[in-house]
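The next block holds one structure in the form of structure tokens; read it before the comments.
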Amino acid sequence: MFVRIVKMSFHEDKIPAFMENFDGVKNKIRNAPGNRFLELYQDKDNKNIFFTYSYWETEADLENYRQSELFNTVWTFTKTLFNAKPEAWSVDKLVSLN
């Protein structure tokens, strides 16, 4: 399992549209094959910056999601709202304390 972190920055007036769309698709994304966890964060200081944080079973699961119609629909809409190029990282969790 690995963690996928995506940083997105939006035009301020586009944030409500992003939030509405995310609310409509979040359960579909979370229930994509291989997805085990999904969270959305908003930066405390710069409210235009958001992060998604998700756990994926395998890189193939993430790639299958990225090739799906769901991803295509979500990303086609979302990228029209950006005010900067998104960034993404796939990382391995090394330590977790509860």
Tell me, what ³J(HN,Hα) does each residue in the range 33-44 have, in order and in whole Hz, if you take phi through Karplus 6.51 cos²θ - 1.76 cosθ + 1.60 with θ = phi - 60° and put x for Gly and Pro?
x, x, 7, 10, 6, 8, 9, 10, 10, 10, 4, 6
Within the accessible area of the range 1-45, what % is carbon and sulfur when the probe is 1.4 Å and the other protein chains stay in place?
47 percent
Which of (i) 22, 17, 12; (ii) 43, 23, 11; (iii) 68, 13, 6 is the computed semi-axes √(5λ) of the Cα gyration tensor in Å? It is (i)
With Cβ to Cβ distances under 12 Å as the rule, what net charge do the other residues near Ala88 carry (K, R +1; D, E -1)?
+3
Greater than 18 Å separation of Cα atoms is the criterion. Which listed pairs, Lys26/Lys93; Lys47/Lys85; Lys47/Lys93, meet it?
Lys26/Lys93; Lys47/Lys93
So what is the calculated 222 nm ellipticity per residue for the chain, using -39500 (n - 2.57) for each DSSP H run with n of 4 or more, over all residues, to the nearest 500 deg cm²/dmol?
-10500 deg cm²/dmol
To the nearest 10 square angstrom, how much accessible area does Phe77 have with a 1.4 angstrom probe?
80 Å²
Got a number for the accessible area of Thr73? Probe 1.4 Å, square angstrom, nearest 10.
90 Å²
Computed over the chain, protein heavy atoms only, probe 1.4 angstrom, the accessible area per residue in square angstrom equals 68 Å²
Treating only Lys and Arg (+1) and Asp and Glu (-1) as charged, each at its beta carbon, one finds that the chain has a dipole about its Cα centre, in Debye to the nearest 20, of 40 debye
Reachable aspartates and glutamates from Lys79, Cα under 13 Å, same-chain residues fewer than 8 places away excluded?
Glu87
Based on the mean of other Cβ atoms within 10 Å per residue, sort peptides 14-21, 39-46 so the most packed one is first.
14-21, 39-46
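The values are calculated or read from the model by the stated rules, or taken from the named source; none is laboratory data. Since we're looking at a predicted model, the values are computed, not measured. Please note: Cβ atoms are built from the backbone with ideal geometry, for glycine as well, and neighbour counts cover all protein chains shown. Surface areas here come from the heavy atoms of the whole protein model, side chains and all, with no ligands, DNA or RNA. Shrake-Rupley method; radii C 1.70, N 1.55, O 1.52, S 1.80 Å.
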